[in-house]
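Please treat every number below as a calculation from the coordinates, not as lab data. Note that the structure is a prediction, hence the values are computed from the model and not measured. Note: ideal-geometry Cβ built from the backbone for every residue, glycine included; neighbour counts use all protein chains shown.
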Amino acid sequence: MEYFAEPVPPAGVPLICDASSDFVSRPIDVSKYAMLYAGAQKNAGPAGVVVCIIRDDMLEKVPANLPNLLDYKALAEENSLLNTPPCWSIYIVGLVLKWAKGLGGLEGIAKRNQTKAGLVYKAIDESGGFYKGHAKSDRSVMNVPFRLPNEQLEEQFASEAKKRDMIRLKGHRSVGGMRASLYNALPVEAAQELVKFMKEFQQKNG
Ligand SMILES: *Cc1c(COP(=O)(O)O)cnc(C)c1O
């Protein structure tokens, strides 16, 4: 599932978000957050770098005696250069952002991601119950988890998909079944291939 609108916290309570899963996948209204944290490794670049957008007044609330690793005030004061930065990871994030700009920025990226997710959800919804999605509303645009009629078919689905170079479809950590990850790096054509395969698989096994 994915939040498409920010929850409104009670007055005085800062809204803090771990946006690792959808950061750079669509526009986010940063002004609504006291702090936004995101690991780059899903949509923005390689592992090893995180982006933290934090309101100045929050920096004043950083408790003393925190290790530097967790002390955003210390990090901000040193321009995020408290330690040797992971230059390569940051450089790649820069390239990804330029690439996103070329696709129409976050609006363009969002459209592209919605197209991919829309294709897969449509295949699920039109399968007459052969494929069953987990979420009914607020469906994640990034990860589409779904189940097949039984675990044996799920095994078979995953292994036949693998033969077509569609890997890591098996196994959502907590809910089981399949999970199609559709992060920025995945092209629309890949989602189209998956849908084609889903239809063929259902025809043979449904
Ligand atoms: C993916 C994710 C994590 C974990 O990231 P790793 O890649 O496993 O380090 C943590 N929080 C959120 C919100 C995520 O989407």
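Would you check if R55 is away from the ligand (no atom under 16 Å from the Cβ) and of a type in the set (K, R)? So R55 passes the test.
If the condition is being small (G, A, S) and surrounded by fewer than 14 Cβ atoms within 10 Å (Cβ to Cβ), then the range 145-170 contributes only S159.
Restricting the search to the range 4-40, which residues are surrounded by 16 or more Cβ atoms within 10 Å (Cβ to Cβ) and polar (S, T, N, Q)? Explain how you work it out, then say what you get.
Taking the range 4-40 and keeping what is surrounded by 16 or more Cβ atoms within 10 Å (Cβ to Cβ), we get 17, 19-26, 28, 33-40.
Those that are surrounded by 16 or more Cβ atoms within 10 Å (Cβ to Cβ) and polar (S, T, N, Q): S20, S21, S25.
For the range 58-79, filtered to residues that are surrounded by 15 or more Cβ atoms within 10 Å (Cβ to Cβ) and under 26 Å from L106 (Cβ atoms), the residue that is nearest to the ligand (Cβ to nearest atom) is Y72.
In the set K111, K98, which member is of a type in the set (K, R) and exposed (fewer than 11 other Cβ atoms within 10 Å of the Cβ)? Break it down stepwise before answering.
On the way: K111 fails: exposed (fewer than 11 other Cβ atoms within 10 Å of the Cβ).
The match here is K98.
Can you name every residue in the range 114-134 that is buried (at least 16 other Cβ atoms within 10 Å of the Cβ) and more than 18 Å from the chain's Cα centre (by Cα)? Scanning the range 114-134 gives A123, I124, S127, F130, Y131. Every condition in (1) in contact with a strand residue (DSSP E or B) (Cβ under 8 Å, 6 or more places away or on another chain); (2) assigned to a loop (DSSP other than H, G, I, E, B) is met by L186 except one, and the failing one is (1).
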